[in-house]
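Q: Dropping a structure here in structure tokens format, bear with me for questions.
The values are calculated or read from the model by the stated rules, or taken from the named source; none is laboratory data. Since the structure is predicted, the reported quantities are computational estimates derived from the model, not experimental observations. Every residue, glycine as well, gets a Cβ built from its backbone with ideal geometry; the counts of neighbours run over all protein chains shown. Surface areas here come from the heavy atoms of the whole protein model, side chains and all, with no ligands, DNA or RNA. Shrake-Rupley method; radii C 1.70, N 1.55, O 1.52, S 1.80 Å.
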2 protein chains.
Amino acid sequence: MDEEFLSRILKAAGDTTRRRILTLLVQEGALRVTALAAHFDMSLNSVSKHIKVLEEAGLVTRRTLGREHFIAAELEPLKLTESWFGQLKSIWELRLSALEHALVSEGDRHD
Amino acid sequence: MDEEFLSRILKAAGDTTRRRILTLLVQEGALRVTALAAHFDMSLNSVSKHIKVLEEAGLVTRRTLGREHFIAAELEPLKLTESWFGQLKSIWELRLSALEHALVSEGDRHD
DNA sequence: CATTTATTCACCCTTATGGTTGAATACATA
DNA sequence: TATGTATTCAACCATAAGGGTGAATAAATG
């Protein structure tokens, strides 16, 4: 369930074009589909599809005003993902310190 | 090129099975291919392929002792990825505070 | 109302992905 | 040396991904 979400976010973020879209949105705020597409050497349709993928992952949201669709980055999924990697690092450090502790105890028995 | 690396890491991490493999390795230290495969309801071969993907992304390394291959998680790619998400958050906050500042200046002109 | 503009939808194509099975390789061991 | 064990390689299959084009839809605008 949450795993599903994470997978979708990471898959969405795993494409260079989509990461560039995200970065653009984060630094410039909401942008229209056409404005985004202008940055890429590919068809408007392809960019539109990339946006859809990001949207399905929750990484961006869409606000439609008339015929214009404004796309904005969302912060929450970024936090979720960052925290997954962070937790993994924590577990790592936990294991290492436990290991170290065990080695010290071993030394205490000086056998 | 760094983008290439990131893409490979994120794609590798975008699969639930592979994230579980990573987690197992992080919490239990180096494990053999068979030992890892025992945790999953899929063929040994499939797990072996997942490991290969993780390896190509630099997320794990392999130490071969005789016929046994010991797989271990690597910390660096995790840090790299976490920092990409972190940077994105920073840019976000930078833009927001700039925006806030602009609004305050607007108010100063009290027109 | 006709036209232009903004965007998506529906297909098509090629390549990648995630899974399978069976054979090959590399190493221990009886 | 024959056999079993650990692992990968190779081929296959179904489905997804990432790209393209052309048509459809929605909304401004002359």
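Q: Starting from 0.36 nm per residue, how many nanometres of slack lie between residue A:27 and residue A:46 once their C-alpha separation is accounted for? Can you show the working numbers first?
A: On the way: separation 19, 0.36 × 19 = 6.84 nm, distance 2.18 nm.
So the extension gain works out to 4.7 nm.
Q: 7 Å along Cα→Cβ for the label point: how many nanometres lie between residue B:70 and each equivalent label in the other copies, listed shortest first?
A: Ordered by distance, the counterparts are at 5.7 nm.
Q: Quick one: accessible surface of residue B:84, probe radius 1.4 Å, all protein chains present, in square angstrom to the nearest 10.
A: Per-residue accessible area (residue B:84): approximately 30 Å².
Q: From the cross-link list A:79/B:79; A:49/A:79; A:79/B:89; A:79/B:52; A:52/B:52; B:11/B:52, which pairs have alpha carbons spaced over 19 Å apart?
A: On the way: A:79/B:79 15 Å; A:49/A:79 24 Å; A:79/B:89 8 Å; A:79/B:52 28 Å; A:52/B:52 30 Å; B:11/B:52 13 Å.
Violating the 19 Å limit, Cα to Cα: A:49/A:79; A:79/B:52; A:52/B:52.
Q: Averaged over B:83-94, how many beta carbons belonging to a partner chain fall within 10 Å of each residue's beta carbon? Could you put the intermediate results ahead of the total?
A: Numbers: counts 2, 7, 12, 4, 2, 12, 5, 1, 5, 7, 2, 2.
Mean number of neighbouring Cβ atoms from other chains: 5.
Q: Let me ask you something else. Mind checking the angle between helix B:44-56 and chain B's longest principal axis? C-alpha axes, 0 to 90 degrees, to the nearest 10.
A: 40
Q: Quick one: which of A:15-25, B:39-49, B:8-18 comes out on top by average Cβ neighbours within 10 Å, and what's the full order, highest first?
A: Numbers: A:15-25: 18.5, B:39-49: 12.5, B:8-18: 20.5.
Going by the mean number of other Cβ atoms within 10 Å, highest first, we get B:8-18, A:15-25, B:39-49.
Q: Follow-up. Can you give the net charge of the other residues whose Cβ lies under 13 Å from the Cβ of residue A:6, counting K and R as +1 and D and E as -1?
A: Once all neighbours under 13 Å are counted, the net charge is 0.
Q: What is the calculated FRET efficiency for residue A:75 to residue B:56, with r their C-beta to C-beta distance and R₀ = 30 Å, to the nearest 0.05? Mind dumping the intermediate values first?
A: Details: r = 31 Å, r/R0 = 1.03.
Computed FRET efficiency for residue A:75 and residue B:56: 0.45.
Q: While we're on this one: Compute the distance in nm between two label points, each set 7 Å from the Cα along the Cα-to-Cβ direction, one at residue B:103 and one at residue A:95.
A: Taking the two extended label points, one gets 4.5 nm.
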